[in-house]
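The values are calculated or read from the model by the stated rules, or taken from the named source; none is laboratory data. All of these numbers come straight from a predicted model, not from anything done at the bench. For neighbour counting, all protein chains shown are included, and Cβ atoms are generated from backbone atoms with ideal geometry for every residue, glycine included. Accessible surface areas use protein heavy atoms only, side chains included; no ligands, DNA or RNA. Shrake-Rupley method; radii C 1.70, N 1.55, O 1.52, S 1.80 Å.
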Amino acid sequence: MSNKILTLLLFFSISLSGCASSSQQVSDVSTLEKYNRAMFSFNNKVDKYVVRPVAKGYKAVTNKYIRTRVSNFFNNIDEPVSAANHILQGEFGGTGTNLSRFVINTTLGVAGLFDVATSLGVQKDKTSFDETMATWCIPDGPFVVLPVIGPGTPRSVVGFVADGYSSPAYWVAHEGNDDAMSAYYWAVGLKYVNLMAENITFLESLEEGSIDYYEAVKSAYLQNRGRLKKCVKKDDVTETPNFDFDMDEMDYN
Amino acid sequence: MKKIFIYVLVFFSIIQSGFADINKEKAVLMIENLTKEGIEDIINSNVSVEDKNKVFRKLFTENLDLDFIGKYVLGRYWRQANLSQQKEFIALYKEFNVKTWSKRFDEFKGKEFVFKGTTPSSNPNQVFVNTEVPVGDGKPASVKWRVSDKGGKLKVIDIIIENVSLAQTARNEYTAFISKSPKGIEGLLENLRQKVE
């Protein structure tokens, strides 16, 4: 699974309003699961008959070079959002990195089309409001599947919306006329299609290799959220990685 | 007295060797060879799909402990299954994985794994070999290989990609399927039989 897939999953995140209690975290209750499965099935049909054909068409008329420029452009627009979130997380070094990258790529990188900053050794350090809330110890909530958008949690949705509204691209469009706002929505659509086009083969192989695609996506999505920064409490001790769960041969002999 | 001391020493050294910690360097070397053969020599080569699958099957079954992974993914249902169901499941699980993974490895085409040392596991017999793979223009993806020492022979028992454990994901998926299937384990076997056909 690539980073882009994970970004894709996060990108899809939108949710129910409000945050769930911590006791609901990670597992969804049976009534919610019934809804989730029904919505997942609906999304799959939308994906199969609308999204994938569009993404395949886009992939057919573009090459890797163009798709990389598109993805660089959107990544560059997101740098100020990461910079603001790094401030909220108290990580000012990260803010400096994001702003340096934004200035370098916007100027030398021709409006962000080329990632000159990485070539100069200023590596990506992306973060989000979802991650900011994680560092503030705000619980994630249950797994939910939203119409068209896909898998998420209440916290990921709040983060997604907050990041969207704090994006400079949104505010530039918002301050402009209707055409500017339409252009913004087309750009968001392009970002989504570009992301799908880059990951379509992987998604198809994931579905083909699953016996319960919903459960596979849910499990992978929730595990992947473990990579987000966590809040540090006084009693916390250094832990082994959370994927270091017990896999003892003796259990199965 | 001296003899007893030597016997005791020998006894403890035998005990020690039975529970020896995994050799990290060997584990790294094993994954280096696996990625080199799997990615560079198979995926990147221009051999036919049939030949690729053939070599991949050999590589996959030799380096991955699919018997153990199969047992692990069935979770509590492993003990509920009868011997014949257990045997059939392992055989189908192996077949299904070889089939799907040879396709999934195509994702790594043209890419080279960068080795980033090891991380100890809570089990001294196991170690995580950390690698990274460049993905497009983004940050490299983290791929961790959980390697276990099976009486001197090293085997991969899990692959963790960007914090997602494939063994854990499969376990969640398979156990959820069995719990929802009216036929239980038999329902899973029927599904797998269709998939590997």
Report task. For an R0 of 56 angstrom, estimate the FRET efficiency from the Cβ-Cβ distance between B:LYS36 and A:ASP179 and round to the nearest 0.05. Result -> 0.55
Query raised in the report: What trypsin sites (Lys or Arg not before Pro) in the stretch A:195-229 are in a loop by DSSP, with at most 12 other Cβ atoms within 10 Å of the Cβ?
Result: A:LYS229
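How big is the A/B interface in buried accessible area, both sides summed, 1.4 Å probe, to the nearest 100 Å²?
On the way: alone 14510 and 12270 Å², together 22760 Å².
Counting protein atoms only, the buried area is about 4000 Å².
Just tell me how shielded A:216-224 is by partners: mean number of partner chain Cβ atoms within 10 Å of each residue's Cβ, no decimals.
Whole-number average of other-chain Cβ neighbours for A:216-224 is 6.
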Query - Unit Cα scatterers, Debye sum, the stretch A:82-192: log10 I(q)/I(0) for q = 0.21, 0.24 Å⁻¹ - result: -1.24, -1.26
Query - Share of Cα-Cα pairs in the stretch A:129-216 lying beyond 16 Å, as whole percent - result: 69 percent
Query raised in the report: What do you get for Rg/Rh over the stretch B:21-196 if you use C-alpha atoms and the Kirkwood form of Rh?
Result: 0.98
Query raised in the report: Other chains near A:197-208: what is the mean number of their Cβ atoms within 10 Å of each residue's Cβ?
Result: 3
**Report entry** Accessible carbon and sulfur surface of the stretch B:21-196 relative to its total accessible area, %, 1.4 Å
**Finding:** 50 percent
